[in-house]
Amino acid sequence: MRLFVSIELSPEVLAQIAALQAQLAKTAPLHSVRWTPPEQLHLTMQFLGDIAVEKVGALRDALSAACANCSELKLRAENVGSFPSARNPHVLWIGVSGDAARLSALQNRIASACEPFVERRELAEIARILQTSKAPAFDSWRVTNVKLMRSTLGSAGATHEFLAEFSL
């Protein structure tokens, strides 16, 4: 199973991102962009890759322990950028602010909990390259749980399936 751990975005933020996608799609050359459906947008906390089915129960236990005694977060989506560059965008990103230190601590706890299950690690993290001065305004949202998701690759892109939820 191809798995990742994520935080859901609020319906309001998803709607705002969908509106931004629609606005940007008007200026993009026809068929040049494959937009992620809003219902699949999320904040990835840890990508695990392929995990054997028999390890998923232990992974759930580890994630439950990692999320225990963590309080909810208040986050805000802000800033929009692209990489590798604004002239040659391959990926658009939206930044996150708010309870950033606690979000980072939660991500570290999740990464530590997932470490025994991950067979390969990313060599480097991609840094933010572009920050726009005219970023759209997004709502903030409360994070009360973390989810374990399954990602299945297909010809139309990835589809995501909920597996488990861990309260903060």
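Among the candidates Ala77, Ala86, single out the residue that is among the hydrophobic types (A, V, I, L, M, F, W, C) and more than 20 Å from Val13 (Cβ to Cβ).
On inspection, the qualifying residue turns out to be Ala86.
Would you check if there is a residue in the stretch 39-57 being buried (at least 18 other Cβ atoms within 10 Å of the Cβ), in contact with a Cys (Cβ under 7 Å, 6 or more places away or on another chain) and within 22 Å of Ser167 (Cβ to Cβ)?
Yes, the conditions are met somewhere in the stretch 39-57.
When only residues in the stretch 63-78 that are more than 20 Å from the chain's Cα centre (by Cα) and part of a loop (DSSP other than H, G, I, E, B) count, which is surrounded by the most Cβ atoms within 10 Å (Cβ to Cβ)?
Within the stretch 63-78, the first condition is being more than 20 Å from the chain's Cα centre (by Cα), and the residues that meet it are 65, 68-69.
Within this subset, residues satisfying the condition of being part of a loop (DSSP other than H, G, I, E, B) are 68-69.
Working: Ala68: 11, Asn69: 8.
In this case the residue turns out to be Ala68.
Between Ser104, Ser155, which is farther than 17 Å from His42 by Cβ, modelled with pLDDT of 85 or more and of a type in the set (Ser, Thr, Tyr)?
On the way: Ser155 fails: modelled with pLDDT of 85 or more.
Criteria check complete, one pass: Ser104.
Check whether at least one residue in the stretch 50-62 is among the β-branched types (Val, Ile, Thr), in a strand (DSSP E or B), touching a strand residue (DSSP E or B) at 6+ places or on another chain (Cβ under 6 Å) and on the phi < 0 side of the Ramachandran plot, and report yes or no.
So far as the stretch 50-62 goes, no, none of its residues is among the β-branched types (Val, Ile, Thr), in a strand (DSSP E or B), touching a strand residue (DSSP E or B) at 6+ places or on another chain (Cβ under 6 Å) and on the phi < 0 side of the Ramachandran plot.
Going through Leu75, Leu24, Leu106 one at a time, which residue ends up being of a type in the set (A, V, I, L, M) and closer than 19 Å to Met149 by Cα?
Checking each option against the conditions leaves just Leu106.
Given the residues Ile7, Ile17, which is the only one that is touching a residue at least 40 places away in the same chain (Cβ under 8 Å) and assigned to a strand (DSSP E or B)?
After applying the criteria, what remains is Ile7.
Counting only residues that are of a type outside the set (Gly, Ala, Ser) and surrounded by fewer than 15 Cβ atoms within 10 Å (Cβ to Cβ), how many does the stretch 3-19 have? Even if it seems obvious, please write down each step before you answer.
First pass over the stretch 3-19, keeping only residues of a type outside the set (Gly, Ala, Ser): 3-5, 7-9, 11-14, 16-17.
Those left that are additionally surrounded by fewer than 15 Cβ atoms within 10 Å (Cβ to Cβ): 11-12.
Going through the stretch 3-19 one residue at a time, the tally reaches 2.
Scanning for something closer than 20 Å to Gly81 by Cβ, surrounded by 13 or more Cβ atoms within 10 Å (Cβ to Cβ), modelled with pLDDT of 80 or more and among the small types (Gly, Ala, Ser), does the stretch 117-137 turn up at least one residue?
So far as the stretch 117-137 goes, no, none of its residues is closer than 20 Å to Gly81 by Cβ, surrounded by 13 or more Cβ atoms within 10 Å (Cβ to Cβ), modelled with pLDDT of 80 or more and among the small types (Gly, Ala, Ser).
Tell me, which residue of the stretch 79-110 that is touching a residue at least 60 places away in the same chain (Cβ under 8 Å) and part of a strand (DSSP E or B) is farthest from the chain's Cα centre (by Cα)?
Per the criteria, the residue is Val80.
The values are calculated or read from the model by the stated rules, or taken from the named source; none is laboratory data. Here the structure is a predicted model, which is why all the values come from computation and not from measurement. Neighbour counts are summed over all protein chains in view; Cβ atoms, including those assigned to glycine, are modelled from backbone coordinates with ideal geometry.
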